[in-house]
């Protein structure tokens, strides 16, 4: 087991150092490609080995727990340094608080003997490792050509790519540490590694705006770190251990664990940018697009939902679990409502992420076998589709120099393949037979017993269709006749976009077998199988989702679409009547006083109803009330 742990956690750290030290672009790209291949292969190699537990005694002759102590305090010192550098008293105070609590835990409470199992991998950890290593690696590969164009556009004389890829690979290693750690002191360390990595990546371009948003991300996530370490101290005082598996499965559901579990949930909400902490993730949009793709799909925000799913068996049947349901459903609805009012493509994706994570939290709160199934399905397919859409937006933005979806009108006439892949990404978010719709169907079934939960989830789902369908319609809006002019993109860009789009489609087709072979074992002994599988159809007492038959219908529809496009190449474009004297120019007519008027089309974004300025303050107030209920209920 030592080799696989070394490969998944330590190798990305070594590769990150290689990127930092070697300034020659070819060598750096080779290191990234080799590291990505090792991570992908290592994650697949892990499949037949689970479940396993592993506790390394030493690393290069030094006790692993002593290394952890030193690394913990060094990490907090670095965060404290950035607090001083940016004159942020909140960061300074929170890093000092965490250091004091950690010191109390390490030197006054814990005997330092390392009795807890350090690493543990089950099917839930495996699913997250596969997401991190495969999707995260694809994003890093796409970032190689993207960052070259990014720096050329910003006219950066001295490349900052060594530091950028150092943090990107460090992020992947830190995330693997989060999902494989069983000793919660190790989990806390990797939890804070992701906080530091997100800060460095958001502030990468070193503009005033980027720095401001990076600092906001650091102090907000430091609040979560403070809650996390407080929960650890409380758990150790009451239980005398920090072994995650023992805490979940052998500790009685007594009142002594409710408060620390609530604190861990609070830390998860900050990490996953749930309201009222959403501004750090929205601010992260200033970073290069591969950063956004990584944060949203395979790192950072997945920490929160993973942690709550991990501790879900320990809080089953508690009032805390009910509070999480309402809070998650509220965030799902609020995020969807704010996404409706956005024309900025990255903001649509950001609010969509916050919304979908809220739905996953709601499922974790419902805490039945159907709900946990829905949560894991949503994690898998959200990761693939959201990575695809972010990389598509980044590719489009570098071509048209805009991320406004109105500027993407008729994009398929200029970037046909990218536009079609983007449309496919949108379709995977809202239509059958794709996995996200399957997950939402399962979530609504599971939440049917929660009155407030099901109302908010149903309303949020309706709004979700609204903003995704609008975006797809804009992309395909202009009439087409003639032959496609294939665009030119770097090989690694095509590899990322095509592999993710094929992955979203193929994983959806085999989702019933993913449920049978991966999700049922991931739920473990705490939950029973809730769906029957028969000829690619998932069925329970409430309903049926015919995955395989719907997939065949989708393939048939795709073939019809291909034939329709082929027929369009022989069509003649007829310009619409523009209520005036037509001119030879498209979309231009001769209007009043013999002046040329340009006819423009645009969507309503209903900003008077769904605008940020109108809703954000009220949503944050509602979220604070619900968070108070979460912590207050625990107390």
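For the peptides 547-554, 140-147, residues were scored by their other Cβ atoms within 10 Å and the scores averaged per peptide; the highest-first order is 140-147, 547-554. The stretch between residue 34 and residue 115, if pulled fully straight at 0.36 nm per residue, gains 25.6 nm over its current Cα-Cα span. Counting pairs of alpha carbon atoms under 8 Å apart in space and at least six apart in sequence, what relative contact order in percent does the chain give? So the answer I get is 14 percent. Normalised by 2.2 N^0.38 Å, with N the number of residues, the alpha-carbon radius of gyration of segment 109-253 equals 1.27. Can you give me the distance in nm between label points at residue 402 and residue 212, each placed 7 Å from the Cα along the Cα-to-Cβ direction? Taking the simple label geometry, residue 402 and residue 212 are separated by 2.5 nm.
If R0 is 30 Å, the Cβ-Cβ spacing of residue 529 and residue 10 corresponds to a FRET efficiency of close to 0.25.
The C-alpha atoms of the chain define a longest principal axis, and helix 547-568 lies at about 30 degrees to it. If you plug the beta carbon distance of residue 17 and residue 55 into 1/(1 + (r/R0)^6) with R0 = 25 Å, you get a FRET efficiency near 0.45. Distance from the alpha carbon centroid of segment 454-528 to that of segment 219-285 works out to 31 angstrom.
The helix-based estimate of mean residue ellipticity at 222 nm for the chain, built from -39,500 (n - 2.57) per DSSP H run of four or more residues and divided by its residue count, is -22000 deg cm²/dmol to the nearest 500. Sorting the segments 289-295, 431-437 by their residues' average number of neighbouring beta-carbon atoms within 10 angstrom, most packed first, yields 289-295, 431-437. For segment 547-567 versus segment 7-58, the spacing of their alpha-carbon centroids is 40 Å. Taking the convex hull of the alpha carbon positions in segment 348-475 and averaging its projected area over all directions gives 7.2 nm². Rounded, prolate or oblate: which fits the chain, taking a ≥ b ≥ c as square roots of the Cα gyration tensor eigenvalues, rounded meaning a/c under 1.5, else prolate when a/b beats b/c? In terms of gyration-tensor shape, prolate. Ordered by the number of other Cβ atoms lying within 10 Å of each residue's own Cβ, fewest first, 206, 386 fall into the sequence 206, 386.
What shape does segment 357-411 take by its C-alpha gyration tensor, where a ≥ b ≥ c are the square roots of the eigenvalues and a/c under 1.5 counts as rounded, a/b above b/c as prolate, and the rest as oblate? Judged from the Cα gyration tensor, segment 357-411 comes out prolate (a/c at least 1.5, a/b above b/c). Placing dummy labels 7 Å off each Cα toward the beta-carbon, the span from residue 246 to residue 513 is 4.0 nm. I need the shape label for segment 446-537. Rule: rounded when a/c is under 1.5, else prolate if a/b > b/c, else oblate, with a, b, c from the alpha carbon gyration tensor. Oblate.
Helix 161-180 and the longest principal axis of the Cα set of the chain meet at an angle near 60°.
Ranking of 197, 121, 392, 363 by neighbouring Cβ atoms within 10 Å, starting from the fewest: 121, 197, 392, 363.
Our summary gives segment 64-105 a relative contact order of 33 percent, counting only alpha carbon pairs under 8 angstrom and 6 or more residues apart.
The slack in the chain from residue 152 to residue 64, taken as 0.36 nm per residue of separation less the alpha-carbon distance, amounts to 27.3 nm.
Spin-label pair residue 465-residue 537: with each label point 7 Å from Cα along the Cα-Cβ axis, the two points sit 2.3 nm from one another. Once the chain from residue 544 to residue 563 is taken as fully extended at 0.36 nm per residue, the excess over their C-alpha distance is 3.7 nm.
The residues 219, 618, when put in order of fewest to most other Cβ atoms within 10 Å, stand as 618, 219. Rounded to the nearest 10 degrees, what's the angle between the helix 301-311 long axis and the longest principal axis of the chain, both from Cα atoms, 0 to 90? Relative to the chain, helix 301-311 is tipped by roughly 50 degrees. When you restrict to C-alpha pairs under 8 Å that are six or more residues apart and normalise by the size of segment 126-212, the relative contact order lands at 26 percent. Scoring 310-317, 365-372 by mean Cβ neighbours within 10 Å over their residues and listing the highest first yields 365-372, 310-317.
Laboratory data are not the source of any read-out in this text; all were calculated from the coordinates shown. Fair warning: this is a prediction, and the values are worked out from it, not measured in the lab. With ideal geometry, Cβ positions are generated from the backbone for all residues, glycine too; neighbour counts draw on all protein chains shown.
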